[in-house]
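The values are calculated or read from the model by the stated rules, or taken from the named source; none is laboratory data. Here the structure is a predicted model, which means the values were calculated and not measured. Counting neighbours? That spans all protein chains shown, and the Cβs are built from the backbone with ideal geometry, glycine included. Each accessible area value is taken on the protein alone, full model and side chains, heavy atoms only, with ligands, DNA and RNA left out. Shrake-Rupley method; radii C 1.70, N 1.55, O 1.52, S 1.80 Å.
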Amino acid sequence: MIERLARWWALAGGLLLFAIMAVTTLNIAAFSADQVAALWGGNVYGLTGYEDFVTLAIASCGLMFFPWCQAQRGHVVVDVFTNHLPRSVRHALDRVWLLVICALALFLAYWMVQGLVQVWNDDALTAILGWPVWPSFVPGIVSLLLWAVVAGHQAFEPSYGDGPRRV
């Protein structure tokens with residue numbers, strides 16, 4: 001269930017990333033068309049507020065892949081020294097580090113909530129379109145909380161296996 005939620009959250013992040021790429025491509029195409037149109041005295045305008053959208057969307061989707069990566073145990077692992085330890089010690093170390101990751105994600109989520117409250121109180125708006133900035137914090141907070149849940153679940157999972165998945 002948790003892994004499925006993390007997968008769907010990452011897919012939503014991928015769709016948002018696709019939207020960023022599509023808008024960027026359209027804006028670049030408009031710029032190129034403007035360069036050609038300028039040869040004949042014409043103008044082709046880019047997308048108004050492009051920068052605002054991309055800034056808020058990147059802020060929103062940047063963390064959306066972390067829970068799925070954790071669910072797949074896809075983070076960087078350095079196990080040069082632990083390979084020679086007994087399996088039970090490796091399991092214990094893995095579980096400790098999963099709890100550290102859980103605590104780190106909760107710590108970051110706490111500070112993102114503080115940041116959301118700050119920009120809410122400041123009534124921060126984007127420069128071009130005047131969109132409120134605070135909604136872009138919500139997906140990041142949800143991502144960090146989901147990341148913590150995934151790591152916490154893995155730490156207490158009875159069939160955790162022998163550490164991170166190998167590729």
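Adding -39500 (n - 2.57) for every DSSP H run of four residues or longer, then dividing by how many residues the chain holds, sets the calculated 222 nm ellipticity at -23000 deg cm²/dmol. Rounded to whole numbers, the Karplus 3J(HN,Hα) couplings from phi for segment 131-139 are 6, x, 8, 4, x, 5, 7, 4, x Hz, using 6.51 cos²θ - 1.76 cosθ + 1.60 with θ = phi - 60°, and x at Gly and Pro. Between C69 and Q118, full extension at 0.36 nm per residue minus the direct alpha carbon distance yields a gain of 14.7 nm.
Note on A103 and A37: their simple-model spin labels are 5.8 nm apart, each label 7 Å out from Cα toward Cβ. Of all stretches in the chain that contain no trypsin sites (Lys or Arg not before Pro) in a DSSP loop with at most 13 other Cβ atoms within 10 Å, the longest one is 1-164. With loop membership from DSSP and a limit of 15 other Cβ atoms within 10 Å, the longest segment of the chain without chymotrypsin sites (Phe, Trp or Tyr not before Pro) is 82-155.
A 1.4 Å probe run over the protein chains yields, for the chain, 63 Å² of accessible area per residue, whole-number rounding. Out of these labelled values of Rg and Dmax of the Cα atoms in Å, [x] 18.1, 64; [y] 21.0, 80; [z] 21.4, 75, which was calculated from the coordinates shown here? Here Rg and Dmax of the Cα atoms in Å agrees with entry [z]. Carbon and sulfur: what percent of the chain's accessible surface (1.4 Å probe)? Looking at the chain in its full context, I get 71 percent from C and S. Coupling constants for segment 50-62 follow from the phi torsions by the Karplus curve (6.51 cos²θ - 1.76 cosθ + 1.60, θ = phi - 60°), and in residue order they are 3, 4, 4, 4, 5, 4, 5, 5, 5, 4, 6, 9, x Hz; glycine and proline get x.
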